[in-house]
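Contents: one structure, followed by commentary.
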Amino acid sequence: MSSRDHNPQKPNTSPAPRGAATPASAQVEIRDQAVLVALCGPRNEHLRTLEHETGVSIGQRGNHVHLQGDAEDVAFVERVIAELSQSIREGNEVHPNDVARAVRLLREHPDMKLRDVFHDVVLVSSRHRVIAPKGIAQKKYIEAIRDHDIVFGIGPAGTGKTYLAMAMAVSYLTQRRVKRIILTRPAVEAGEKLGFLPGDLAEKVNPYLRPLYDAMHDMMDMDKAQALIQRGGIEVAPLAFMRGRTLNDSFVILDEAQNTTAEQMKMFLTRLGYDSKAVITGDTTQVDLPDGRKSGLSDAVQLLAGVEGIAFNNFTDIDVVRHPLVAKIVRAYDHRDSALRRGRELREENRAAAREE
């Protein structure tokens, strides 16, 4: 990118009606062809995403990106392009979802820079892929794990709760800050009946733990991961196996914690020993416990809020980092569930009022 990245053309000086947006145009010169190609994306997909998110008309000709729209929006897009270009120049890949997240991050937190979030490297995987936060919620989550011994990550699927916790665990293990990683989750069926599962005990519980294996193998060479499992450096086990143990020098991850009971959650939290960290992840809207059983995750949130040394990080559909449709799906279900919940509350209030009469 040239020393002067942005070359705004002289805006239209004709007086605009009072309260109307001031039109402006600008062009951004990008001299590095590799940066330009990565910024624009395949078939200018990244520019189309940026256009959709900001309402600014964006075109590309040669090594110039042309902008036209409201003066304030044009200036904002110039900043987004400058920061994304800097990120690309420093070796980071950019995808359409990253462009959308960059826009939302800079719009909601204008005092922040993308590098403060996206360049907070947690781990470089065995495939040389950089794992770093993709938004402010993930950034705060990573900082909480660094600063607290017990951290709860609560929110919908696809927000990176378990994946980032796993990345932090692998990072701590490779830096020898802990001696082992322990991955656990309750063996609860998600609404369907799986019936009899063949094999020994390990083979029976393996399907429940597969998501944890998948995340681990995404970050570590499979042979190395298997060697660590055999030596006890990495342990993957159902939650029931935690009873009676004291977990020292360990990084422990409890996944799908919404499917624990209050008793199981208490049992797990009291396993933590010296020089250990525990990260508990779950989605309180996806409880698969039998009717009438309160989620141990919801119980812990109510009971332990305000306890020093424990951090709670909440994610929303805005923080989903999977396919863009996932965020819309989560939002639709949340709206439906909120309406149903409100309806139940109103019926309870009406019944209470009727009893008083």
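Amide H to amide H, with H built 1.01 Å from N, residue 315 comes under 5 Å of 154, 155, counting only residues 5 or more places away or on other chains. For the range 97-184, trypsin sites (Lys or Arg not before Pro) are listed when DSSP marks them as loop and at most 10 other Cβ atoms sit within 10 Å of their Cβ; the list is 127, 176. Other residues with beta-carbon under 12 Å from the beta-carbon of residue 266 carry, at +1 per Lys or Arg and -1 per Asp or Glu, a net charge of 0. Beta-bridge orientation, the chain: approximately 40 percent antiparallel, per DSSP, counting only bridges with both partners inside.
Close amide H partners of residue 187, meaning residues 5 or more places away or on another chain with modelled amide H under 5 Å apart, are 239, 240.
Applying a threshold of 26 Å to the alpha-carbon distances of 113/277; 113/161; 139/224; 134/294; 161/224; 179/266 flags 113/277; 139/224; 134/294 as lying beyond it. Placing a pseudo-label 7 Å from each Cα along the Cα-to-Cβ vector at residue 353 and residue 243 gives an inter-label distance of 4.8 nm. When the chain is treated as a Gaussian network with alpha carbon springs shorter than 10 Å, the biggest mean-square fluctuation among 313, 97, 63 belongs to 63. Protection proxy ranking for 279-290, 230-241, 149-160, 209-220, using the average of other Cβ atoms within 10 Å per residue and placing the highest first: 149-160, 279-290, 209-220, 230-241.
A Gaussian network model of the chain, with springs between Cα atoms under 10 Å, assigns the largest mean-square fluctuation among 78, 263, 345 to 345.
Excluding residue 151 itself, calculate the net charge of residues whose Cβ lies under 12 Å from the Cβ of residue 151, where each Lys or Arg counts +1 and each Asp or Glu counts -1. My count for the surroundings of residue 151 gives +1. Sorting 116, 317 on solvent-accessible area from highest to lowest, probe radius 1.4 Å, gives 116, 317.
Couplings for the range 283-298, taken from phi via the Karplus curve 6.51 cos²θ - 1.76 cosθ + 1.60 with θ = phi - 60°, read 10, 5, 8, 10, 7, 10, 6, x, 3, x, 8, 7, 5, x, 5, 4 Hz in order; Gly and Pro are left as x. Taking a ≥ b ≥ c as the square roots of the Cα gyration tensor eigenvalues, the range 45-167 comes out prolate, since a/c reaches at least 1.5 and a/b is larger than b/c. With a ≥ b ≥ c taken as the square roots of the eigenvalues of the C-alpha gyration tensor of the range 281-357, please select rounded if a/c is under 1.5 and otherwise prolate if a/b is larger than b/c or oblate if it is not? Taking the square roots of the gyration eigenvalues as a ≥ b ≥ c, the range 281-357 is oblate. With all pairs of separate Cα atoms included, the chain yields a Kirkwood hydrodynamic radius of 23.2 Å.
Comparing 84, 228, 50 in a Gaussian network model of the chain, where Cα atoms under 10 Å apart are tied by springs, the biggest mean-square fluctuation is seen for 228. Calculated mean residue ellipticity at 222 nm for the chain: -14500 deg cm²/dmol, from DSSP H runs with n ≥ 4 weighted as -39500 (n - 2.57), summed, divided by the residue count and rounded to 500.
The values are calculated or read from the model by the stated rules, or taken from the named source; none is laboratory data. Note that the coordinates shown come from a computational prediction; the quantities given were computed from them, not determined experimentally. So basically every Cβ, Gly included, is an ideal-geometry build from the backbone, and we count neighbours across all protein chains shown. For the accessible areas, the whole protein counts, side chains as well, though only heavy atoms, and no ligand, DNA or RNA atoms are used. Shrake-Rupley method; radii C 1.70, N 1.55, O 1.52, S 1.80 Å.
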